[in-house]
1. Restricting attention to region 18-41, which residues are farther than 18 Å from residue 99 by Cβ and in contact with a helix residue (DSSP H, G or I) (Cβ under 7 Å, 6 or more places away or on another chain)?
2. Identify the single condition in (1) touching a helix residue (DSSP H, G or I) at 6+ places or on another chain (Cβ under 8 Å); (2) at pLDDT below 95 that residue 82 does not satisfy, given that it satisfies every other one.
3. Could you tell me how many of the residues in region 10-26 are in a loop (DSSP other than H, G, I, E, B), in contact with a strand residue (DSSP E or B) (Cβ under 9 Å, 6 or more places away or on another chain) and within 9 Å of the ligand (Cβ to nearest atom)?
4. Quick one: in region 58-80, which of the residues that are in a helix (DSSP H, G or I) and touching a residue at least 40 places away in the same chain (Cβ under 8 Å) is farthest from residue 37 (Cα to Cα)?
5. For region 27-39, name all the residues that are near the ligand (Cβ under 8 Å from one of its atoms) and buried (at least 17 other Cβ atoms within 10 Å of the Cβ).
6. Can you tell me which condition residue 48 does not meet? The list is (1) within 18 Å of residue 134 (Cβ to Cβ); (2) modelled with pLDDT of 95 or more; (3) not in a loop (DSSP other than H, G, I, E, B), and all the others hold.
Ligand SMILES: [Zn+2]
C-alpha cells in the first residue's frame, strides 16, 4: 500500500508490471500502471469503473469532482469503508490536502452514544467525517 508513484509508464517501456486482480500494476507502488502519469480525471474514472467503490469513497470522489449525489454524503462506517477511501486517495493523492472539506457534510451531534464501531471509539450515532478523517489519515499512513 502507498500513494501512486511518479513512474511514467507511457514514457518508459522498460518499466515492468505485476498483475494484481487481473490489472497490470506498478511493482513500486502497487497501483495500476494505466493510472501513472494520468490526469486526476482519468484516475477518477478508472477508480469509478473499478468496482472498488462504496458510499463514503463515492462521497469523497463526488465532492472533489463536483458530482456529489445527495444519497451519498456518508462518512465511513467501518474499517472496510475507510480502506476503500484510502485506496481512492492512494490513487488520487492530490485530494489529500482537501480532505478536511468533507467535514462540512457533518451534521451537528445531537444523538446519544450508540454502538461503538470497529473498536474505533466512535459511536454509530455520532459518526462523522471529523472523526473518521484522522483514522483515514492514520490507517493510510498519509501524514507519516
Ligand atoms: Zn508506481
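The values are calculated or read from the model by the stated rules, or taken from the named source; none is laboratory data. Nothing here was measured: the structure is a model prediction, and the numbers come from that model. As a convention, Cβ positions derive from the backbone with ideal geometry for all residues, glycine included, and neighbour counts pool all protein chains shown.
1. Scanning region 18-41 gives 24, 25, 26, 31, 32, 34, 35.
2. With (1) touching a helix residue (DSSP H, G or I) at 6+ places or on another chain (Cβ under 8 Å); (2) at pLDDT below 95 applied to residue 82, the lone miss is (2).
3. Final tally of qualifying residues: 1.
4. 79
5. Within region 27-39, 29, 31, 33, 36 meet the criteria.
6. (1)
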